Amino acid sequence: MAALRDIKNKISAVKKTRQITRAMNMVAAAKLRGVQEKAERFKPYAGKFADVLRSVSAGVDPEIHPLLAQPESVETVALILLTADRGLCGSFNMNLITKAERFIKEQTQAGRQVLLYTVGRKGRDYFRRRKVEIAQDLSGVMNVVDFDLAVQVARLGLNAFLGGQAQEVHLIYSRFASMASFVPTAEKMLPISPEAAAEGEAGGASEYLIEPSAEEILVDLLPRYINVRVYNALLQTATSEQAARMAAMDNATKNCKEMINNLTLLYNKARQSAITAELMDIVGGAEALKQG
Amino acid sequence: MANKIKLEVVTPDKLLLSKDVDVVVCTGVDGEFGVLAGHVPFLSALAIGELRFRDGNATDYAAVSGGFAEVTGEKVTVLAEAAELAREIDLDRAKRARERAEQRIAKAATEQLEYSRAEAALQRAMLRMRVAEKGRPSA
């Protein structure tokens, strides 16, 4: 009889788990919609910004701005790693962390130091546990991804770069390729490569009167360009996180269902055999009485 | 009305405004400039300042925290990291922000970077208050 009750308890426990995973799936779905909407609203700004940058940077000497200056030698690289604050989203965080570890290894082998910045709790926790030094971290921030956050993150990189602590700044984030595919991506953020700034057709500058001057506007424009790129990376990471969590929780719900089915089967079998045993007892007793 | 110009204010969070108006006046880094339909293509950096636009007899205001304005013959696009229409400004919040910024300025008088940041914050707060006052329906 004890076994029967055990199975019953187990079934109700798994049912509760399923309720939780199902709820988390729905929460992730709602958040995913929210982030996607944000990304949608950001598009006009990003697109327009790229247009303006293109027309301004065409025909401007790239040497004039510190963010464009290519360093002669690179001794220290800053790495900004974006991860989620929370787990329960499958291999999402681990993929990003693995990418970061590989990056650090490569840079170390090339004889460069790595200055690590983490955004999101999971990345920080991982490297802290392994006693890897973290220059600065922002955690508990991925719940609300907005442009202010992007400015903060960008400032980490800009300060390290302009302060001379690092000659290059790289960013690792999760590119949202589709609902089922998130690619951990490493990108060089600083110095801004001239091609990135001047991509597209040249010669747009002549069409505009520019005030105060193309050079001066560029000084203002480039730091903002970093903000735009970081915001884009943050949005994609947040989108990937929610999509990954949705998938993970969907799987968990399915597994719970399977487990409940198996346990119910087991429960019924156990119940059946208990009834049989009891019947045997009664029949045996009746037989004995009849004979007496 | 063929003489209207389309004004679009774009921020990272949303398309704040898209409207056909008669005149747009922006605060550029070198001073205010007005734009009518048919303006030559023009690109300017904007200071922290107000944006004014008139449609018929109604003049409306918005606070723009720096950014750029791109002008073509039929369209003005304002790209700003933060911008609000006058009627959407939270005056209490702006007042609190001003107090905070003033404290930071007092504290950061010695450090250049912190000082300029605090100063920018103060300017934004003052601007919002100014624009909010102007945008009052009674005014």
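The values are calculated or read from the model by the stated rules, or taken from the named source; none is laboratory data. All values derive from a computational prediction rather than experimental measurement. In this analysis, Cβ positions are derived from the backbone assuming ideal geometry, glycine residues included, and neighbour counts consider all displayed protein chains. The accessibility values were calculated without ligands, DNA or RNA, using every heavy atom of the protein model including side chains. Shrake-Rupley method; radii C 1.70, N 1.55, O 1.52, S 1.80 Å.
Quote the Stokes-Einstein diffusion coefficient, in whole µm² s⁻¹, for the protein assembly as shown, based on the Kirkwood radius over alpha carbon pairs, a temperature of 20 °C and a viscosity of 1.002 mPa s.
84
Expressed as a whole percent, how much of the Cα-Cα distance distribution for chain B exceeds 25 Å? Intermediate results must be reported in sequence, preceding the final value.
Working: 2808 of 9591 pairs.
Of all Cα-Cα pairs in chain B, 29 percent lie more than 25 Å apart.
Quick one: buried accessible area between B and A, total over both chains, 1.4 angstrom probe, nearest 100 Å²?
Numbers: alone 8210 and 16750 Å², together 22680 Å².
Buried: approximately 2300 Å² between A and B.
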Inter-chain shielding of B:67-73 (mean C-beta neighbours from other protein chains, 10 Å cut-off): 4
Buried on assembly, the range A:205-243 (at least 50 Å² less accessible surface than by itself, 1.4 Å probe): A:Tyr208, A:Leu209, A:Glu211, A:Arg224
Loop-located GluC sites (Glu not before Pro) in the range A:98-155, at most 11 other Cβ atoms within 10 Å (DSSP): A:Glu133
Delta accessible area of at least 50 Å² on complex formation, residues of the range A:32-54, 1.4 Å probe, chain isolated as reference: A:Arg41, A:Tyr45, A:Lys48, A:Val52
Rough spin-label spacing in nm, given labels placed 7 Å along Cα→Cβ, for B:Ala120 and A:Val27: 3.6
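With n ≥ 4 as the cut-off for DSSP H runs, can you work out [θ] at 222 nm for chain B, using -39500 (n - 2.57) per run divided by the number of residues, rounded to the nearest 500? List each step's numbers first, then the result.
Details: 2 runs with 40 residues, N = 139.
Dividing the helical sum by the residues of chain B leaves -10000 deg cm²/dmol.
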Chain B - accessible surface per residue (Å², probe 1.4 Å): 50
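Placing +1 at every Lys and Arg Cβ and -1 at every Asp and Glu Cβ, with all other atoms neutral, what dipole size does the range A:29-247 have around its Cα centre, in debye to the nearest 20?
On the way: 25 positive and 26 negative charges, 325 e Å.
Around 1560 debye, computed over the range A:29-247.
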Cβ-Cβ FRET estimate between A:Glu101 and A:Lys290, R0 fixed at 60 Å, reported to 0.05: 0.15
Among A:Val144, A:Ala166, A:Val228 the positive-end extreme of the charge dipole of chain A (Cβ point charges): A:Val144
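Measuring with a 1.4 Å probe in the full set of protein chains, what accessible area per residue, in whole Å², belongs to the range A:1-94?
On the way: 5150 Å² over 94 residues.
Per residue, the range A:1-94 has 55 Å² of solvent-accessible surface.
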Antiparallel %, DSSP beta bridges [both residues in the range A:29-247], to 5: 40
Per-residue average of Cβ from other chains inside 10 Å of B:6-15: 5
Fraction of accessible area attributable to carbon and sulfur, the range A:29-247 (%, probe 1.4 Å): 48
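Explain nothing, just the number: dipole magnitude of the protein assembly as shown about its Cα centre with +1 on each Lys and Arg Cβ and -1 on each Asp and Glu Cβ, in debye rounded to the nearest 20.
On the way: 58 positive and 54 negative charges, 595 e Å.
So the magnitude is around 2860 debye.
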Principal axis dimensions, largest first and in whole angstrom, of the range A:52-161 by Cα: 49, 36, 21
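Can you give the local net charge around A:Ile7? Use residues other than it whose beta-carbon is closer than 12 angstrom to its beta-carbon, Lys and Arg +1, Asp and Glu -1. Please report the intermediate quantities before stating the final value.
Details: positive: A:Arg5, A:Lys8, A:Lys10, A:Lys269, A:Arg271; negative: A:Asp6.
Result for the neighbourhood of A:Ile7: +4.
Suppose we flag trypsin sites (Lys or Arg not before Pro) only when DSSP calls them loop and at most 11 other Cβ atoms lie within 10 Å. Which is the longest uninterrupted stretch of chain A?
Values: sites that count: A:Arg130, A:Lys131.
Counting only loop sites that pass the neighbour cut-off, the longest clear stretch is A:132-292.
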Overall Cα dimensions of the range A:18-96, principal axis frame, Å, largest first: 61, 36, 13
Environment charge at A:Ile275 (Cβ cut-off 14 Å; Lys +1, Arg +1, Asp -1, Glu -1): 0
Under 24 Å, Cα to Cα: Lys pairs in chain B, sequence gap 8 or more or different chains: 14
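Starting from the Kirkwood radius over alpha-carbon pairs of the range A:29-247, derive D by Stokes-Einstein at 10 °C in a medium of 1.306 mPa s and give it in µm² s⁻¹. Display every interim value, and only then the final one.
Working: Rh = 18.1 Å.
Estimated diffusion coefficient is 88 µm²/s.
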